[in-house]
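For reference, the structure is listed below as structure tokens.
A short reminder: the numbers here are calculations on the coordinates, not readings from a lab. Fair warning: this is a prediction, and the values are worked out from it, not measured in the lab. Heads up, the Cβs are rebuilt from the backbone with ideal geometry, glycines too, and the neighbour counts pull from every protein chain shown.
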Amino acid sequence: MQFRRVGDSGLVVSAIGFGCNNLGRPNSPTQDITTAVRVVRAAVDAGITFFDTADAYGKTPGQSEQYLGEALNTVREQVIIGTKFGMDMRGSNGVDFGARGSRQYIVKAVEASLRRLDTEYIDLLQYHTPDPLTPIDETLGALDQLIADGKVRYIGHSNMSGWQISQAHYVAKELGRERFISAQNHYNLMDRRAELEVLPAAKTFGLGVFPYFPLNNGLLTGKYRQDAAPEGSRLSYVRQHMVTEANWEQLTQYANFARERGITEVEASFSWLSAQQPVASVIAGATRVEQVQQNASALDYEMTSHDLAILDEMFPSPDRVALY
Ligand SMILES: NC(=O)c1ccc[n+]([C@@H]2O[C@H](COP(=O)([O-])OP(=O)(O)OC[C@H]3O[C@@H](n4cnc5c(N)ncnc54)[C@H](OP(=O)(O)O)[C@@H]3O)[C@@H](O)[C@H]2O)c1
């Protein structure tokens, strides 16, 4: 396993992480706690140290954190737990009026996450999605206090645009607050919009990036066909349109690219993502032990500059598209 610093910070994570939005997800093999714990522990055994969850994940909010806490309680000091607040908790943190970046809400949300994760501290607390009501200085003030109290080690954000990343950086600097060290955004070979604003902003302000949906919900694994989804796979029970509407000519070229190099499509996707600056860890969601093991070794293949150029032609980045 490779390890990387998250941006300019002192937090070090495995370059392949484990995304926990499958824990407690209805219809997924990891919807029950026994299977979920087994899959998470397989990730630890495979050398993964970074686990990314959120308070909102699970059939009922909080379930993913609870399963993760159970799975990691014997190895707590050896792993990095990232969680998030700010999505709708369906009332479990009380009435919030949508102001989930507010001081009062954050304190409540973090206390609940600590309880479910069965831990005294959160390594990386991420603001899941910007709240349009609360000024960022109030959010940063509350997060700064949680770090001072020892309940949180580092803070990050998710789903912010370039200008929001820049604003948060300068407000923290002006007020002398702890600053965000990471950005978590939608990013994979088939959706490279993060390259327009988010990656350049993250690089400029010393943030590490965690790409989410790294396999585009599984489409980039090679297990789907235009007219068939394997039984029990995610796109067989949600977002089925992604399979029928995908660009299959492009996906066939991609399958050939991987085959010619003797690697899997998962390896190609993860190696490509981890070659993009400033990606810190690819948070791979998995529902089975074998998937975890495959994902954990995906960086054994290192992309050459020729490989990267071919993939650039195959999956053009949006700024290149705009130029033509
Ligand atoms: N910040 C945000 O707003 C946000 C949003 C979404 C996700 N995330 C984070 O990003 C993480 C990753 O995203 P994701 O899990 O939704 O999407 P993803 O990584 O694009 O896709 C995950 C799916 O791919 C399949 N898969 C994984 N490894 C495989 C392998 N080796 N072989 C075959 N299939 C494999 C599994 O599908 P099956 O279910 O078919 O087995 C899994 O459910 C999440 O867990 C979460 O932590 C954050």
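A few comments on the model shown:
- Relative to the longest principal axis of the Cα atoms of the chain, helix 103-117 runs at roughly 60 degrees.
- Each part gets one Cα centre, and for the stretch 40-92 versus the stretch 233-250 those centres are 27 Å apart.
- Axis of helix 305-314 versus longest Cα principal axis of the chain: the two differ by about 90°, to the nearest ten degrees.
- Of the residues 128, 241, 186, the one with the fewest other Cβ atoms within 10 Å heads the list, and the complete ranking is 241, 186, 128.
- Nearest 10 degrees, 0 to 90: helix 265-274 Cα axis against the chain principal axis: 50
- Sorted by Cβ density within 10 Å, fewest first, the residues 281, 158: 158, 281
- Residue order for 271, 161, fewest other beta carbons within 10 angstrom first, comes to 161, 271.
- Label-to-label distance, nm, for residues given as residue 12 and residue 248 (7 Å Cα→Cβ offset): 4.7
- Lysine pair count for the chain with Cα-Cα distance under 24 Å and sequence separation of 8 or more or different chains is 9.
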